[in-house]
Amino acid sequence: MREVIVALDFPNKEESIGLLKNLDRVKISRLRNRGLAELGEEFKPYVKIGMELFYSEGARLVREIKDMGYRIFLDLKLHDIPNTVQSAMKVLAGLGVDMCNLHCAGGIKMMRDAKEGLIDGGGEDTLLIGVTQLTSTSEKVLHEEILINRTMEEAVLNYSLNGKLAGLDGVVCSPWEAERIHELCGYQFLTVCPGIRFASQSSNDQVRVATPSKAGEAGCDYIVVGRSITQAEMPYEAYERALLELNGIKL
Ligand code: C5P
């Protein structure tokens, strides 16, 4: 099953717990009846804790949310010299998160050492994902600001191959790149895709966007959804819709 990761892009614990309470209304039986037969009774959504929430609430909230039964993607996008990232990963492994990430731009040695740090810290089961090119970056910015004179696709595929070589479990990429990445790096190599909007929604600051169903067709293993769920009138309904659409179930 392809999964939806809900981005808890909030400044504090109260707002995050408020959203999680709403997500508790996700009905497993309803999702099963609509075709997601493999969902277990204990199923809880995957959530993403990013910089804003982590910097304000710290490791304690990560542990609390984990104890509530949610799976966690800790999205801190590490990028530093290999030794520093390795030591940081060793510490993050102790939080027991399910997925964490770093920037592929840090290079192959940094990524390899990061994986080593994660394993040293007891995080052998924690997925390590590399950020390729942020989905808010356009090709114009790539060429004119970052001075990478390649197409967006070439840049993203190169980052992905480096990540694969370094032993990462997958990459963060736009849904538009997922198919090529799978062809190049194999179907076991995970694609985690933000930049998701329901049909007819505004793209806000994201440049390369897709709907959950398009992301599913493109083979994205996970989609990361923030505002389309967190700012919906009924977030749990938006979550259910995204999960069904992503798995090719027509509403
Ligand atoms: O609100 P929206 O759905 O655009 O949120 C997307 C989430 O995915 C945010 O938490 C953002 O930090 C994250 N993200 C992203 N692009 C990346 C990596 C992560 O948008 N390349």
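The values are calculated or read from the model by the stated rules, or taken from the named source; none is laboratory data. All values reported here derive from a predicted model rather than from experimental measurement. Positions of Cβ are backbone-derived with ideal geometry, glycine not excepted, and every protein chain shown enters the neighbour counts. Keep in mind that these areas ignore ligands, DNA and RNA; they rest on the heavy atoms of the full protein, side chains included. Shrake-Rupley method; radii C 1.70, N 1.55, O 1.52, S 1.80 Å.
Which residues, counting only those in the range 44-56, are touching an Asp or Glu at 6+ places or on another chain (Cβ under 9 Å) and open to solvent by 60 Å² or more (accessible area, probe 1.4 Å)? Please lay out each step first, then the result.
The initial filter retains those residues of the range 44-56 that are touching an Asp or Glu at 6+ places or on another chain (Cβ under 9 Å), namely 44-46, 48-54.
Correct list: MET51, GLU52.
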Problem set entry | Flag for LEU134 being under 20 Å from the mean Cα position of the chain (by Cα) and open to solvent by 20 Å² or more (accessible area, probe 1.4 Å) | yes
Exercise. Which residue out of GLY107, GLY121 is over 24 Å from ALA178 (Cβ atoms) and open to solvent by less than 40 Å² (accessible area, probe 1.4 Å)?
Worked result: GLY121
Exercise. Has the range 145-159 got any residue that is touching a Pro at 6+ places or on another chain (Cβ under 6 Å), farther than 23 Å from GLY96 by Cα and modelled with pLDDT under 95?
Worked result: no
For this session: Consider GLN201 carefully, then state whether it is within 14 Å of the ligand (Cβ to nearest atom) and in a loop (DSSP other than H, G, I, E, B).
Result: yes
Seminar exercise, completed: Expected output for the range 171-196 (first residue away from the ligand (no atom under 12 Å from the Cβ), partner among the acidic types (Asp, Glu), Cβ below 6 Å, 6+ apart or cross-chain) is LEU190/ASP169; LEU190/ASP221
Seminar exercise, completed: Selection from the range 74-101 of residues of a type in the set (A, V, I, L, M, F, W, C) and within 16 Å of the ligand (Cβ to nearest atom) yields LEU74, LEU76, LEU78, VAL97, MET99, CYS100
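Would you mind stating whether LEU102 is within 23 Å of ILE5 (Cβ to Cβ), assigned to a helix (DSSP H, G or I) and within 21 Å of the chain's Cα centre (by Cα)?
Spelling it out, it is not the case that LEU102 is within 23 Å of ILE5 (Cβ to Cβ), assigned to a helix (DSSP H, G or I) and within 21 Å of the chain's Cα centre (by Cα).
Select from the range 15-43 the residues that are without any contact (Cβ under 8 Å) to a residue 40 or more places away in the chain, part of a helix (DSSP H, G or I), among the aliphatic types (A, V, I, L, M) and out of contact with any Asp or Glu (no Cβ under 8 Å at 6 or more places or on another chain) and list them in ascending order.
Taking the range 15-43 as the starting set, the residues that turn out to be without any contact (Cβ under 8 Å) to a residue 40 or more places away in the chain are 15, 17-18, 21, 28-29, 32-33, 37-43.
When the remaining residues are screened for being part of a helix (DSSP H, G or I), the result is 15, 17-18, 21, 28-29, 32-33.
If we keep only those that are among the aliphatic types (A, V, I, L, M) as well, we get 17, 28.
The one that is without any contact (Cβ under 8 Å) to a residue 40 or more places away in the chain, part of a helix (DSSP H, G or I), among the aliphatic types (A, V, I, L, M) and out of contact with any Asp or Glu (no Cβ under 8 Å at 6 or more places or on another chain): ILE17.
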